[in-house]
Amino acid sequence: MSKKCRKKSVCAVVVMVAMLCISGCGSGKIKSDKVLRVGVVTYTQDDPFINALADKLKENLKSMETEDMKITVSVKNGNDDQQDQNDIVEEMIDAGCDVLCVNLVDRTAPSRIIRLAKQNDIPIIFFNREPVWEDLMQWEDLYYVGCDAEQSGVMQGEIAADYIKNHPEVDKNQDGEIQYVLLEGEAGHQDAISRTDFSVKTLIEKEVNLEKLSYQFADWNRGQAENRMNRLISQYKDGIELVISNNDEMALGAVEAYRKAGYEQAEWPVIFGIDGLDDALEAIKAGEMQGTVYNDKEDQALQIAKLVVEIFRGEDVNRNKLKEGRYYVSEYQPVYSSNVEDFIKRQTR
């Protein structure tokens, strides 16, 4: 080979290496101390709250770049299938990710993901769907960022109880009881169980007399909730006085069902959700919903980003502040008509 050809070959190799070093997790296993590769894997692409949190996380990580550290982020979803999510995580590890952020499909089944990460020394920050304690303790480089589902249930119950006590017209048939339906997120899901139990328990503790009409699973989904509510409206007519929903997406499904059923807004039941989605905040402002509980995605995304960078750099300022060295628990916040504008303004910043 001529000297000229050898020079060309060396140049080609250098270019290829440089291209790999500045690309995302899915582009090869070559690592550089100057490039932090982050893999984010959500449970589905159809959850607006999770999508908004992931977008915020990407923004935060981008803002944390320095001259000495570039950050690439690859976001994929598990299509509501734990096996698919496991395969995606394996692909990201093979592609050279430095830190993984995982929103589990099944919070009780992270074993394969944890085993793969431990074998390859890739730290994981689980978020939103909390693994059981025993799983999180399997390895020192496992963390969790999220909220306390019990707190959201209690807060939702308090908001609903206060509204009902201040608005006796909620009891439309004046029988001294509030006839209610509850839209549950997902069978067996810990957050759905906690939100359901503590919301109803808190209403009872606040001396609101309740009569349960129906509990319906709608898998956190607006369309499914609308379908469930259509059937309930056909069955109970105007006899539903309160709708409690495990999240805003399902609460908004109830709003849509009543809108399409042709009822005047004054004839609707009062409707309460959880999450603080943009659409829900606007619905509260319009009087279509009466309250929600703000799940602080901005705070959670920021804490995840801080942990990612700190782990990559080998620092422990924020990690030293974690509960049991593993948990960051963000606080929920109540939202009702009198403060909803404050939360709407937060979304536009």
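Yes or no, residue by residue, for (1) modelled with pLDDT under 95; (2) assigned to a loop (DSSP other than H, G, I, E, B); (3) more than 20 Å from the chain's Cα centre (by Cα):
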site: Asn86; (1), (2), (3): no, no, no
site: Met92; (1), (2), (3): no, no, yes
site: Leu104; (1), (2), (3): no, yes, no
site: Arg107; (1), (2), (3): yes, yes, no
site: Tyr144; (1), (2), (3): no, no, no
site: Gln151; (1), (2), (3): no, no, no
site: Gln156; (1), (2), (3): no, no, no
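In the list Trp139, Trp133, which residue meets the criterion of being closer than 28 Å to Glu186 by Cβ and modelled with pLDDT of 95 or more?
Values: Trp133 fails: modelled with pLDDT of 95 or more.
Answer to the selection: Trp139.
Checking Gln190 against (1) closer than 16 Å to Glu241 by Cα; (2) surrounded by fewer than 17 Cβ atoms within 10 Å (Cβ to Cβ): exactly one of these is not met. Which one?
Condition not satisfied by Gln190: (1).
Quick check on my filter: what residues within region 283-328 are of a type in the set (A, V, I, L, M, F, W, C) and more than 24 Å from Glu249 (Cβ to Cβ)? Outline the logic, then answer.
Taking region 283-328 and keeping what is of a type in the set (A, V, I, L, M, F, W, C), we get 283-284, 286, 289, 293, 301-302, 304-305, 307-309, 311-312, 317, 322.
The answer is Ala305, Leu307, Val308, Val309, Ile311, Phe312, Val317, Leu322.
Checking the condition open to solvent by 10 Å² or more (accessible area, probe 1.4 Å) and either of a type in the set (Val, Ile, Thr) or in contact with a Pro (Cβ under 7 Å, 6 or more places away or on another chain) (or both), which residue from Asp135, Asp148 passes? Give the derivation first.
On the way: Asp148 fails: either of a type in the set (Val, Ile, Thr) or in contact with a Pro (Cβ under 7 Å, 6 or more places away or on another chain) (or both).
Asp135 is the lone residue from the list that is open to solvent by 10 Å² or more (accessible area, probe 1.4 Å) and either of a type in the set (Val, Ile, Thr) or in contact with a Pro (Cβ under 7 Å, 6 or more places away or on another chain) (or both).
Just wondering, is there one or more residues in region 226-243 that are basic (Lys, Arg), touching a strand residue (DSSP E or B) at 6+ places or on another chain (Cβ under 7 Å) and surrounded by 15 or more Cβ atoms within 10 Å (Cβ to Cβ)?
So the first thing to find is which residues in region 226-243 are basic (Lys, Arg), and the list is 228, 231, 237.
From the residues that got through so far, the ones that are touching a strand residue (DSSP E or B) at 6+ places or on another chain (Cβ under 7 Å) too are 228.
The next check asks that each one be surrounded by 15 or more Cβ atoms within 10 Å (Cβ to Cβ); those that pass are 228.
Yes; the residues of region 226-243 include at least one that is basic (Lys, Arg), touching a strand residue (DSSP E or B) at 6+ places or on another chain (Cβ under 7 Å) and surrounded by 15 or more Cβ atoms within 10 Å (Cβ to Cβ).
Applying the selection to region 299-325, what residues are buried (at least 17 other Cβ atoms within 10 Å of the Cβ) and either at pLDDT below 95 or basic (Lys, Arg) (or both)?
Lys306 - this is the single residue of region 299-325 that is buried (at least 17 other Cβ atoms within 10 Å of the Cβ) and either at pLDDT below 95 or basic (Lys, Arg) (or both).
Considering only region 206-221, I want to know if a residue exists there that is within 16 Å of Phe272 (Cβ to Cβ), in contact with a Leu (Cβ under 9 Å, 6 or more places away or on another chain) and assigned to a helix (DSSP H, G or I).
No; the residues of region 206-221 include none that is within 16 Å of Phe272 (Cβ to Cβ), in contact with a Leu (Cβ under 9 Å, 6 or more places away or on another chain) and assigned to a helix (DSSP H, G or I).
Given the structure, is Ser214 of a type in the set (Ser, Thr, Tyr), more than 13 Å from Gln156 (Cβ to Cβ) and surrounded by fewer than 19 Cβ atoms within 10 Å (Cβ to Cβ)?
So Ser214 passes the test.
Within the set of pairs 6 or more residues apart or between chains, which connect a residue that is over 20 Å from Ile122 (Cα atoms) inside region 33-62 to a residue that is surrounded by fewer than 18 Cβ atoms within 10 Å (Cβ to Cβ) and polar (S, T, N, Q) with Cβ atoms less than 7 Å apart?
Thr44/Asn79
The values are calculated or read from the model by the stated rules, or taken from the named source; none is laboratory data. Treat the numbers as computed from the prediction; the structure is a model and nothing was measured. Ideal geometry is used to build each Cβ from the backbone, glycine not excepted, and the neighbour counts take in all protein chains shown. These accessible areas exclude ligands, DNA and RNA; they are computed on the full protein's heavy atoms, side chains included. Shrake-Rupley method; radii C 1.70, N 1.55, O 1.52, S 1.80 Å.
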